[in-house]
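Colleague: Below is a structure I'd like to ask you about.
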Amino acid sequence: MSTLVVGLGNPILGDDGAGWRIAEAVACRLPIQSGCVTEAGQSYSPEDQSVSVECLGVGGLSLMEHMIGYDRAILVDTILTGKHATGTIYCFPLHELPDLKTGHLSSTHDTTLQNALQVGQSMGAVLPDEITIVAVEARCVYDFSDELTPPVATAVPIAVKMIMELLK
Amino acid sequence: MSTRITIDPITRLEGHGRIEIFLNEEGNVANTYFQIPELRGFERFCVGRPVEEMPLLTNRICGVCPEAHHMAAAKAADAVYHVEPPRTGKLLRELLYSGFYFTDHTTHFYALAGPDFVMGPTAPVAERNILGVIHKVGLEIGGKVIQARKYGHHIVEIIGGRKVHPCTSIPGGLTKGITEEQRVEIEQMGHWAIEFAQFSLQLFSDIVLGNKEYLDLILGDIYTHQTYSIGLVDENNKVNFYDGKVSVVAPDGERIGKYAPNEYTDWIAERVEPWTYLKFPYLKKVGWKGFVDGKDSGVYFATPLSRLNASDGMTTPIAQEQYEKFYATLGGKPVHQRLAIHWARLIELLYAAERIVELATDPEITSPNFHTVPTATPTEGVGIVEAPRGTLTHHYKTDERGILTEVNLIVGTTNNYAPISMSINKAARSLIHNGSVVTEGMLNMVEMAFRAYDPCFGCATHSLPGQMPLEVTIRDANGETVEVLRQHC
């Protein structure tokens, strides 16, 4: 099984950078195989599965295009539900997404990820059967900063551990 | 008692824009406000960093047009170091940029604008998206859109080192060139791109221009504003996305001047309004007269349409033919019907595609002379490119070590804040009368007023001194505050 882990967000927009931090930490925990996949990612291939890690600031069609060819995707992002404490970690399948607002999974400048996935499927693209979202409740995503707020920073290693469990 | 209608969040718009429409007791539009919680403090974030980091940092401002920020930052950094990239360096940057334009304009037409015209502005929202377009016009077109995006991204990757966030432009040029094999590959993609752009123009002609209802909508008064047009032009006043001077053309078509990047502060000033933190740029030489049309009002717009209005034509042959057809069809220059921005965008798509082939077949494009080593002491510089959604200006000041001391950005969409606000207001007044039932389709037609500008407020940031909580004040028809929104940050 091939799996793509995508850290989403903006690394210089405060808590919005949490997706990248988590994905980068996941990449560091993977045994290094030859070559990097993208700017912040790397891949490895144990006997029965391969894992690639990417850090992106895209959504919609672009995100869909990055997932082509993978069996499974784990999307890591921040989320603003306002219902739970900052730093709360969520893990849910993509089809549960419409109830929640995120900044990147449904980039509105092209189309929503759900629409983009349908477009890809219509075109015959091979897309993941299983898309899981790991999201951290954020607080500060409107100020430029390369630092996370303390509750979000605390959540990063916990989310990393959660993703490593998913990858087992 | 006034009634408030809120469109929030704005469908298919990056960022978190909000439109407020206030109705008076008679049920007519009393006023409209278009408000954007802006991102804050980018300039402050940059101060203290080396200027050569800016092409990498600024393309992180927003995920929609990182290539535009990369280029404007690189040009500003060239100016700071008083260094001119060699010809091959400029050609390569423009080639990368043409690939980016090809992707961006394709996406806008098929994913954002297309649904309004192909499905119709009053179609159910569930159908009014790219999926609806594909189902209506055929899977083949969907495949072409995906292919177009793939090629555009690939050109960016070959020259820029990465697919989305390029990293090769530095003060004085680029860190790498391209091989003959890569040149051939880009040229082949360029030929495909020209065919695709022509196909897209034909599609627009068949579906939009061939439909009287849509044509009436485009040519009607609802979406028309008489404002100044600006756009980057070369030495022959032809459209150029990467280099040149900014041409300024009056509503009657008279060119009142052109300004070089380092002269922008002589031409552009910014208006502050009490109801939003985002500023409204206007032409300093004309002056701010409010949100009004006309030659005496300094309001200008910066879009594909304004670029055509501000120029004397295109440098590539097929795009020039389309340029002439455009003005012949719409009654001569300048064109003020804002929905014609969609058509102008497709002409630019064709120009970008033709430019890819022109640049990829230039004898010097594979030369290893793509960088000039800066030797002068860095001081201050301005870089301007045309972002797909408007003129993009980066202005940096540094100390003698090249460490940033001041940064100012005027991003593409910010230029259009005043005309977008005016377009929303006019569309709302034209469509909502005497308490008529406000339908989803009607609200979408109000949204269409600003969607033509392809706005993206994700990067519409500006320097804010000290700590300033973001709050948006909503007023009723009498100017009384009825609600205050705050970002919890």
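The values are calculated or read from the model by the stated rules, or taken from the named source; none is laboratory data. This structure is a prediction, so every number in the text was calculated from the model and none was measured. Using ideal geometry, Cβ is built from the backbone for each residue, glycine included, and neighbour counts are taken over all protein chains shown. These accessible areas exclude ligands, DNA and RNA; they are computed on the full protein's heavy atoms, side chains included. Shrake-Rupley method; radii C 1.70, N 1.55, O 1.52, S 1.80 Å.
Colleague: Given the structure, is B:Glu270 open to solvent by 40 Å² or more (accessible area, probe 1.4 Å), in contact (Cβ under 8 Å) with a residue 12 or more places away in the chain and within 19 Å of the chain's Cα centre (by Cα)?
Modeller: Criteria met by B:Glu270.
Colleague: Here is a further query. List every residue pair whose Cβ atoms lie under 8 Å apart, where the two residues are 6 or more positions apart in sequence or sit on different chains, the first residue falls within the stretch A:115-140 and is closer than 13 Å to A:Leu4 by Cα, and the second residue, located anywhere, is of a type in the set (Phe, Trp, Tyr) and in a loop (DSSP other than H, G, I, E, B).
Modeller: Pairs that qualify, where the first residue is closer than 13 Å to A:Leu4 by Cα and the partner is of a type in the set (Phe, Trp, Tyr) and in a loop (DSSP other than H, G, I, E, B), are A:Leu127/A:Tyr70; A:Pro128/A:Tyr70.
Colleague: Shifting gears a bit: Checking the structure you have, find out if any residue of the stretch B:392-412 is within 23 Å of B:Asp243 (Cβ to Cβ) and modelled with pLDDT under 85.
Modeller: yes
Colleague: Still on this structure: Determine, yes or no, whether B:Thr276 is within 30 Å of B:Pro121 (Cα to Cα), surrounded by fewer than 19 Cβ atoms within 10 Å (Cβ to Cβ) and in contact with a strand residue (DSSP E or B) (Cβ under 7 Å, 6 or more places away or on another chain).
Modeller: Here the answer is yes, as B:Thr276 does meet what is asked.
Colleague: Could you please give the count of residues in the stretch B:362-391 that are touching an Asp or Glu at 6+ places or on another chain (Cβ under 6 Å) and at pLDDT 95 or above?
Modeller: Applying the first criterion (touching an Asp or Glu at 6+ places or on another chain (Cβ under 6 Å)) to the stretch B:362-391 yields B:366, B:377, B:388-389.
If we keep only those that are at pLDDT 95 or above too, we end up with B:366, B:377.
Final tally of qualifying residues: 2.
Colleague: Just to be sure before I move on: is A:His95 at pLDDT 75 or above, surrounded by fewer than 24 Cβ atoms within 10 Å (Cβ to Cβ), outside any loop (DSSP other than H, G, I, E, B) and within 14 Å of another protein chain (Cβ to nearest Cβ) in the structure I sent?
Modeller: no
Colleague: Go through the stretch B:352-398 residue by residue and tally those that are of a type in the set (Ser, Thr, Tyr), surrounded by 16 or more Cβ atoms within 10 Å (Cβ to Cβ) and touching a strand residue (DSSP E or B) at 6+ places or on another chain (Cβ under 8 Å).
Modeller: 5
Colleague: Read through the list (1) basic (Lys, Arg); (2) within 14 Å of chain A (Cβ to nearest Cβ); (3) within 26 Å of A:Cys55 (Cα to Cα); (4) open to solvent by 40 Å² or more (accessible area, probe 1.4 Å), then give the number of the only condition that B:Lys176 fails.
Modeller: (2)
Colleague: Residue by residue through the stretch B:114-133, note down the ones that are within 12 Å of chain A (Cβ to nearest Cβ) and either in contact with a Leu (Cβ under 8 Å, 6 or more places away or on another chain) or in a helix (DSSP H, G or I) (or both).
Modeller: Within the stretch B:114-133, B:Gly114, B:Pro115, B:Ile130, B:Leu131, B:Gly132, B:Val133 meet the criteria.
Colleague: Further question on the same structure: Would you please name the residue that is farthest from B:Met445 (Cα to Cα), looking only at residues in the stretch B:145-164 that are touching a residue at least 12 places away in the same chain (Cβ under 8 Å), open to solvent by 10 Å² or more (accessible area, probe 1.4 Å) and within 10 Å of chain A (Cβ to nearest Cβ)?
Modeller: B:Gly161
Colleague: Also, quick follow-up: What are the residues in the stretch B:44-67 that are among the small types (Gly, Ala, Ser) and at pLDDT 95 or above, if any? Please lay out each step first, then the result.
Modeller: Filtering the stretch B:44-67 for residues among the small types (Gly, Ala, Ser) gives B:48, B:63.
Correct list: B:Gly48 only.
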